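Visitor: My structure is below; once you've seen it, I'll send some questions.
The values are calculated or read from the model by the stated rules, or taken from the named source; none is laboratory data. Because the structure is a prediction, the values reported are computed rather than measured. Neighbour counts run over all protein chains shown; Cβ positions are idealised from the backbone, glycine included. SASA here: full protein model, heavy atoms, side chains in, ligands and nucleic acids out. Shrake-Rupley method; radii C 1.70, N 1.55, O 1.52, S 1.80 Å.
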Amino acid sequence: MLDLNSNEFVQQYWQKRPCLLRNALPNFESVVSPEELAGLACEEDVHCRLVLEDSDDKPWTVRYGPFEERDFLDLPESNYSLLVSECEKWMPELYELLEQFRFIPDWRIDDLMISYAPAGGSVGPHIDQYDVFLLQALGTRRWQYCETPSPDDPVIDGLELAILQDFKPEQDVVLNPGDILYLPPGHAHHGVALERCMTYSIGFRAPNAVTALESFALESEPFEAKSERYCDADLELDRHHAEITDKEIARFHDMATRLLEQSPELWRDAIGKLLSDSAVASPDDNELQPVYLSDLQASSWIRHPESRILYHRSAQSIEVYYNGNMHELPLQPEILEQLQKLCENHEWSTELMRESIEIEALRNLLIELAKNHAILPLTD
Ligand code: SIN
Ligand code: CO
């Protein structure tokens, strides 16, 4: 169990300042060995990279995977790191670990990256734009980091990696297995393996304003024909005919602001779809395979490893968002409670499926989730 007072942590540290959590996961043991991690890095579709220091005549080099066994045989003795992103998608047992961080909303969790480095290995001093919990999983790593954020520190020119030109750490600590270092966005850090070591990075995401606006624009598209049009009953004549005036720009700005402010449902769906969007493509209508009640009852089901299932509560309804889609349910305590149970579990047992199917509105949702591959039958 994660030894952390979540209220205290959020009040004092979350998005505010780094926090060193000694022995936060007592007796923690990595679920994967360095060899198994290297094996995973050879699998198709796995996002991974090797970072090498002082190799190929450059201070830092990055090679992208998936790799082949011989790529590892050619590596130097030290001063490299292997990093594998989205490990939870390939090793579902890692969801148990992510579970410990669920005091932060599901949609904020990005992925669990695992790195391996022999003594001396690191990815160089750098700054991340996202919150991260760095969990020491094997061996020891020295972390140097800054207490104050400096997101715009200059990086070394001409490298594929954003390595800081001038890193001046304010803290210097050694992490042992089970220790966690939390870093908010923008804090420079540098972690060097003191021996063969593995670090788990539980990373969070924070979409930016442009992404939110893009999603809003996409959601608004079907209503384009009905949307307010530019009007200028007070047309100014005292201007050059080629000029675009500030007043005209202000009219566009006001028109767009009115659209943003007067469309709460559009915002709700834009954000719900954005946050639940995933790499899982929903099949085209003509490719949708029918899903029968008997299919849902026949086995346990598991969420597609890339799917997120989230919900929003409105005055009369619950909007369920999955893979960038929305499904509306009536707002009733029994439905909400059962939906929450589904969202809490990664694997949906036959018992949980049976209970859910008994509620008609949820039965339809389950059929839709299955048709769209947001959930998959668990075959033995
Ligand atoms: C690592 O695991 O070596 C790097 C993680 C990080 O600095 O974000
Ligand atoms: Co980092």
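Visitor: Among the residues of region 180-200, how many are open to solvent by 10 Å² or more (accessible area, probe 1.4 Å) and over 23 Å from Lys58 (Cβ atoms)? Break it down into steps so the answer makes sense when it comes.
Guide: Narrowing region 180-200 to residues open to solvent by 10 Å² or more (accessible area, probe 1.4 Å): 185, 190, 192, 194-196.
Remaining after also requiring over 23 Å from Lys58 (Cβ atoms): 185, 194-196.
Matching residues across region 180-200 total 4.
Visitor: Continuing with the same structure: For region 108-118, enumerate the residues that are among the charged types (D, E, K, R) and buried (at least 16 other Cβ atoms within 10 Å of the Cβ). Break it down stepwise before answering.
Guide: Kept after step one, since they are among the charged types (D, E, K, R), are these residues of region 108-118: 108, 110-111.
Correct list: Asp110, Asp111.
Visitor: Looking at region 119-144 only, could you name the residues that are assigned to a loop (DSSP other than H, G, I, E, B), open to solvent by less than 30 Å² (accessible area, probe 1.4 Å) and out of contact with any helix residue (DSSP H, G or I) (no Cβ under 9 Å at 6 or more places or on another chain)?
Guide: The first filter runs over region 119-144 and keeps only residues assigned to a loop (DSSP other than H, G, I, E, B), leaving 119-125, 127-131, 139-140.
Among the residues that remain, those that are also open to solvent by less than 30 Å² (accessible area, probe 1.4 Å) are: 120-122, 124-125, 131, 139-140.
Result: Gly120, Gly121, Ser122, Gly124, Pro125, Gly139, Thr140.
Visitor: In region 72-87, which residue that is at pLDDT below 95, of a type outside the set (A, V, I, L, M, F, W, C) and surrounded by 13 or more Cβ atoms within 10 Å (Cβ to Cβ) is farthest from Ile109 (Cα to Cα)?
Guide: Step by step, filter region 72-87, then rank; the result is Pro76.
Visitor: Continuing with this model, one more query. Which residues, taken from region 301-341, are polar (S, T, N, Q) and either open to solvent by less than 30 Å² (accessible area, probe 1.4 Å) or farther than 17 Å from Lys371 by Cα (or both)?
Guide: The initial filter retains those residues of region 301-341 that are polar (S, T, N, Q), namely 307, 314, 316-317, 323, 325, 332, 338, 340.
Of everything in region 301-341, those that are polar (S, T, N, Q) and either open to solvent by less than 30 Å² (accessible area, probe 1.4 Å) or farther than 17 Å from Lys371 by Cα (or both) turn out to be Ser307, Ser314, Gln316, Ser317, Asn323, Gln332, Gln338, Gln340.
Visitor: Would you check which residues across region 108-142 are away from ligand 1 (no atom under 12 Å from the Cβ) and basic (Lys, Arg) and list them?
Guide: Result: Arg108, single match.
Visitor: What pairs can you find where one residue is in region 230-245 and within 26 Å of Arg258 (Cα to Cα), the other is surrounded by 10 or more Cβ atoms within 10 Å (Cβ to Cβ) and charged (D, E, K, R), and their Cβ atoms are less than 6 Å apart, with a gap of 6+ or different chains?
Guide: Matching pairs, first to second residue: Thr245/Arg239.
Visitor: Is it true that Leu161 is under 20 Å from the mean Cα position of the chain (by Cα) and either open to solvent by less than 50 Å² (accessible area, probe 1.4 Å) or without any contact (Cβ under 8 Å) to a residue 60 or more places away in the chain (or both)? Steps first, answer last, please.
Guide: Details: under 20 Å from the mean Cα position of the chain (by Cα): no; either open to solvent by less than 50 Å² (accessible area, probe 1.4 Å) or without any contact (Cβ under 8 Å) to a residue 60 or more places away in the chain (or both): yes.
So Leu161 fails the test.
Visitor: I'd like the full set of residues that are at negative phi and within 15 Å of ligand 1 (Cβ to nearest atom), limited to region 67-91. Before you say what the answer is, go through the steps one by one.
Guide: We begin by selecting, within region 67-91, every residue at negative phi; these are 67-78, 80-85, 87-91.
Once the filter is applied, which keeps residues that are at negative phi and within 15 Å of ligand 1 (Cβ to nearest atom), region 67-91 yields Ser78, Tyr80, Ser81, Leu82, Leu83, Val84, Ser85, Cys87.
Visitor: Here are some residues: Pro185, Pro222, Pro169, Pro177. Which one is assigned to a loop (DSSP other than H, G, I, E, B) and closer than 30 Å to Asn325 by Cβ? Give the steps one after another, and end with the answer.
Guide: Working: Pro222 fails: assigned to a loop (DSSP other than H, G, I, E, B); Pro169 fails: closer than 30 Å to Asn325 by Cβ; Pro177 fails: closer than 30 Å to Asn325 by Cβ.
The conditions single out Pro185.
Visitor: Hey, another quick one. Within region 145-154, count every residue that is open to solvent by 60 Å² or more (accessible area, probe 1.4 Å) and over 15 Å from Gln171 (Cβ atoms).
Guide: Count: 3.
Visitor: While we're on this one: Quick check on region 246-304: of everything there that is closer than 30 Å to Asp234 by Cα and β-branched (Val, Ile, Thr), which residue is nearest to the chain's Cα centre (by Cα)?
Guide: Thr257
Visitor: Give the residue, chosen from Glu43, Glu53, Glu88, Glu29, that is free of Cβ contacts under 8 Å to residues at least 60 places away in the same chain and among the acidic types (Asp, Glu). Spell out how you get there, then give the answer.
Guide: Values: Glu53 fails: free of Cβ contacts under 8 Å to residues at least 60 places away in the same chain; Glu88 fails: free of Cβ contacts under 8 Å to residues at least 60 places away in the same chain; Glu29 fails: free of Cβ contacts under 8 Å to residues at least 60 places away in the same chain.
Unique residue meeting the criteria: Glu43.
Visitor: Go through the residues of region 92-107 one by one and say whether even a single one is within 12 Å of ligand 1 (Cβ to nearest atom) and open to solvent by 40 Å² or more (accessible area, probe 1.4 Å). Spell out how you get there, then give the answer.
Guide: Going residue by residue through region 92-107, those that are within 12 Å of ligand 1 (Cβ to nearest atom) are none.
Looking through region 92-107, none of the residues is within 12 Å of ligand 1 (Cβ to nearest atom) and open to solvent by 40 Å² or more (accessible area, probe 1.4 Å).
Visitor: Could I ask something else about it? Going through region 31-85 one residue at a time, which ones are over 22 Å from Pro305 (Cβ atoms), in a helix (DSSP H, G or I) and of a type in the set (A, V, I, L, M, F, W, C)?
Guide: Here is the first cut: in region 31-85, the residues over 22 Å from Pro305 (Cβ atoms) are 34-35, 50-63, 68-81.
Still in the running and in a helix (DSSP H, G or I): 34-35, 69-73.
Within region 31-85, Phe72, Leu73 meet the criteria.
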